[in-house]
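**Q** This structure is in structure tokens; I'll ask about it shortly.
The values are calculated or read from the model by the stated rules, or taken from the named source; none is laboratory data. These numbers come from a predicted model, not from an experiment. Glycine also receives a Cβ, built like all others from the backbone with ideal geometry; neighbour counts cover every protein chain displayed.
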């Protein structure tokens, strides 16, 4: 089928080049989901396997966390979820219609912090039993429809793409490839090869990754979620099992706690020792200020007093000791003692911590300060049984949960020199997920009940269903088992929690209850509280509750009928309800949706139409008593070339169930003057046509531009039916330098048609290249073929980018001659406004382009043949496709090798008989020889060659030449 499409492209382009004014229709029925183009380098890595992960982080080629070994405890609970596999629908009686409809991938993308979580499912995929499942390729980029990254995902239907830039929009599309459901080729045409695989695409999704702090908390997200009723299609959200271990984040930002200040206040129980600094102030009979440091002997030296031993004394006792020593020498004084810089002590932090070792801390440091210096406990370490040893004896055991959950720091005692803080391996753990205030993985200590664990998690949130709590547990005999619990049951809260249990608190039903909804053409649509005995008039009490043009004859109640909640519709007359009719004022039920329609939805609104020489022709709303003059005014006004003497009014009359057409002639001048006999009152569906003055030409249709080698170049006005020879005569004829064979004739209408065809073909070529990019790895038979095909596709993509910047010329191939011969000839076309004729001076060069050793231009030598110029250019290279050389003549026509034959033939260009093959063709001034590149090494590259030929034809339409892929 792909080859048939390519052949169709070639036929279309050949028609486009030979007869540009003709139009051709392309197959544009491809769904928008199939559109897009991959621009980047082809990568064959499969990131989920991690086998050839050679990409940089920016490429997103990291292995998924679900496949890594040695996951931290955070990831293990997330990895326990049951993997869902898509079931493939098998249809043994495939019809041709089912084969024509491709499967579709439904893609969902959720943003994260520098990442996007992607998941998808396939609809409409039919396969034979035993066929392998589809494999997926992810395309993404920062521009819609143009993807510079490609990842081979494999057979999974979920993927997390990491290392993306926050606040940058990304576009994603997934391509699926699966074995074709065709069997024995029974439904394929006999002349078409069997289809081995089918390729299908997802919708395009755009996502903007944002930082965690910008995403909002679980509580913030819960309030921003849209509410639903039972009338809506409510899809259950997947249960989120991604949890973190509780408490370990505390030590990430605890630098302040890790470095206590030297000037922090201390209590009277602080024990002095070597290194502490004391400030002593004396006044009275003796005055002085002394800063003294406790030396290694534990003493301070006071002038005229001597040494005083303070080691081992508390700060409260130090003042008394120093005062007693001074009192032996002085009387009548006052004394104040304060602490200056505090001494440093050395402690050891060992066990399961991030950075175990010996640390110097101030003498006021506590257990938590020391842990912070060591980076805190590792996630394999315990937070609940941290031990402090002093001189080989257990002094204190700290449970950090006391501080994290209740703020109790009573066990966080001050350290002394030589103390050891030991963090053992983490104990039993259990997780709480779902609708709780603090979902996390918690460490257990002693006997822990379900109520205790829920209390650690902050209790159930308001959206938690206490009647549906589930406990997943490892059972040594049965494996992993599930138990459902209702907290209201006796003893449910006392259930003992075991190691590795996971408690799941499910949400209540998402749909609102005790609600009715009001929709449609009303002033205040939305959800309202349902009350017993509620009627329609309680929602729509008066005419002020509805918007203008509401349809009062029929409103609708959509109802969910128990016990199976199937849908039913009840219709009532809203106008009668608002007028007080109790019978129409029906009783409402919970979950009812009352919908009020607009008149536009329910009534075939009458219209009238106006066409022809008016400013804004079209269809307009009909109003009673509307006249011809009113309709003309609604269309803007009459154009200057409107024919005022006669217009036509077409009207449909109904007679005995049959429609008849009546046509009335209107004197437009009298109708616009208000003459009642002509300014008729209109009826619905009337069509009024304003004719135009004969032989009228707008200003844009009156001018033609003649440039180049004519005696009087410039802009000339044209009359209807005037031919090109007449314009040339008015321009004074040709100059002596005019090169008639190189004349170029351009037309706006042709340019528009050519541009439309160019855009369609370029778009289709992009899709073909993208599909072949996806097939590249699976089709190539060898590394050499893979490299060659890859290079060819890259060249095609570059040519496409070049063609997108070009515009069609709108050129028509025309053969000028002497005026006496040209007049009334087949080429003497009728000119149109906007035409351009450019007659260049005679060229003196011949151009050689493509796969030759020297692409250049040569001075034209009369009588010399193609082979002469090709030899001057060094001849064809090894990559040249000599059998497909072609000549672009100066007048825009093309002569190819396939058109030539060996023997005697008449040459229109040289106006003489020639003998020989294509190589013996004489070249004329301004001619261009194009030698294309060879692409015949494999069958698949020959398909690329077909696309290359299409692009070359498009380039010619734009007035340029594509000579190769590189």
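**Q** Would you tally the residues in the range 346-378 being in a helix (DSSP H, G or I) and either in contact with a strand residue (DSSP E or B) (Cβ under 7 Å, 6 or more places away or on another chain) or over 20 Å from residue 394 (Cβ atoms) (or both)?
**A** The qualifying residues number 6.
**Q** Please go through the range 381-426 and pick out each residue that is surrounded by fewer than 15 Cβ atoms within 10 Å (Cβ to Cβ), closer than 30 Å to residue 240 by Cα and free of Cβ contacts under 8 Å to residues at least 60 places away in the same chain.
**A** 406, 407
**Q** Take residue 883 and decide whether it is touching a helix residue (DSSP H, G or I) at 6+ places or on another chain (Cβ under 8 Å), surrounded by fewer than 17 Cβ atoms within 10 Å (Cβ to Cβ) and closer than 13 Å to residue 921 by Cβ.
**A** no
**Q** Looking at the range 616-632, is at least one residue over 49 Å from the mean Cα position of the chain (by Cα), crowded, with 16+ Cβ neighbours inside 10 Å, in contact (Cβ under 8 Å) with a residue 24 or more places away in the chain and assigned to a loop (DSSP other than H, G, I, E, B)?
**A** yes
**Q** Inside the range 587-600, can you point out the residues that are part of a helix (DSSP H, G or I) and surrounded by fewer than 14 Cβ atoms within 10 Å (Cβ to Cβ)?
**A** 600
**Q** Can you tell me how many residues within the range 400-440 are over 15 Å from residue 370 (Cα atoms) and in a loop (DSSP other than H, G, I, E, B)?
**A** 11
**Q** May I pose another question? What number of residues in the range 555-571 are assigned to a strand (DSSP E or B) and surrounded by fewer than 14 Cβ atoms within 10 Å (Cβ to Cβ)?
**A** The number of residues fulfilling the criteria is 6.
**Q** Tell me, which strands (runs of 3 or more DSSP E) wholly within the range 63-148 include 2 or more residues that are surrounded by fewer than 13 Cβ atoms within 10 Å (Cβ to Cβ) and at pLDDT below 85?
**A** In the range 63-148, there are no strands (runs of 3 or more DSSP E) which contain 2 or more residues that are surrounded by fewer than 13 Cβ atoms within 10 Å (Cβ to Cβ) and at pLDDT below 85.
**Q** Another question, then. Kindly check whether there is at least one residue in the range 868-875 that is in contact (Cβ under 8 Å) with a residue 40 or more places away in the chain and in a loop (DSSP other than H, G, I, E, B).
**A** no
**Q** Another one. I'd like the full set of residues that are free of Cβ contacts under 8 Å to residues at least 12 places away in the same chain and under 60 Å from the mean Cα position of the chain (by Cα), limited to the range 301-356.
**A** none
**Q** Next question, about the same structure. Quick one: residue 270 ticks every box in (1) surrounded by 17 or more Cβ atoms within 10 Å (Cβ to Cβ); (2) over 17 Å from residue 338 (Cβ atoms); (3) in contact with a helix residue (DSSP H, G or I) (Cβ under 8 Å, 6 or more places away or on another chain) except a single one, so which number is it?
**A** Residue 270 satisfies every listed condition except (2).
**Q** Assuming residue 715 fulfils every condition listed in (1) under 53 Å from the mean Cα position of the chain (by Cα); (2) more than 19 Å from residue 833 (Cα to Cα); (3) not assigned by TED's automatic domain parsing to the domain that holds residue 828 apart from one, which condition is it?
**A** Here residue 715 meets the rest and fails (2).
**Q** Hand me the list of strands (runs of 3 or more DSSP E) wholly inside the range 473-554 holding 3 or more residues that are closer than 30 Å to residue 576 by Cα.
**A** 515-520, 526-529
**Q** In addition: Quickly run through the range 835-858 and pick out the residues that are touching a strand residue (DSSP E or B) at 6+ places or on another chain (Cβ under 7 Å) and assigned to a loop (DSSP other than H, G, I, E, B).
**A** Selection gives 835, 840, 844, 851, 855.
**Q** Tally the residues that are touching a strand residue (DSSP E or B) at 6+ places or on another chain (Cβ under 9 Å), outside any strand (DSSP E or B) and under 12 Å from residue 335 (Cβ atoms), restricting the search to the range 276-317.
**A** The total comes to 3.
**Q** Just checking, how many residues over the range 606-615 are in a loop (DSSP other than H, G, I, E, B) and surrounded by 12 or more Cβ atoms within 10 Å (Cβ to Cβ)?
**A** Residues meeting the conditions: 2.
**Q** Can you tell which of 704, 727 is modelled with pLDDT under 90 and part of a helix (DSSP H, G or I)?
**A** 727
**Q** Kindly indicate whether residue 576 is surrounded by 13 or more Cβ atoms within 10 Å (Cβ to Cβ), outside any loop (DSSP other than H, G, I, E, B), in contact with a strand residue (DSSP E or B) (Cβ under 9 Å, 6 or more places away or on another chain) and not assigned by TED's automatic domain parsing to the domain that holds residue 475.
**A** No, not satisfied.
**Q** Within the range 820-831, is there a residue that is closer than 22 Å to residue 735 by Cβ, part of a loop (DSSP other than H, G, I, E, B) and under 50 Å from the mean Cα position of the chain (by Cα)?
**A** Yes, there is a match, as at least one residue in the range 820-831 is closer than 22 Å to residue 735 by Cβ, part of a loop (DSSP other than H, G, I, E, B) and under 50 Å from the mean Cα position of the chain (by Cα).
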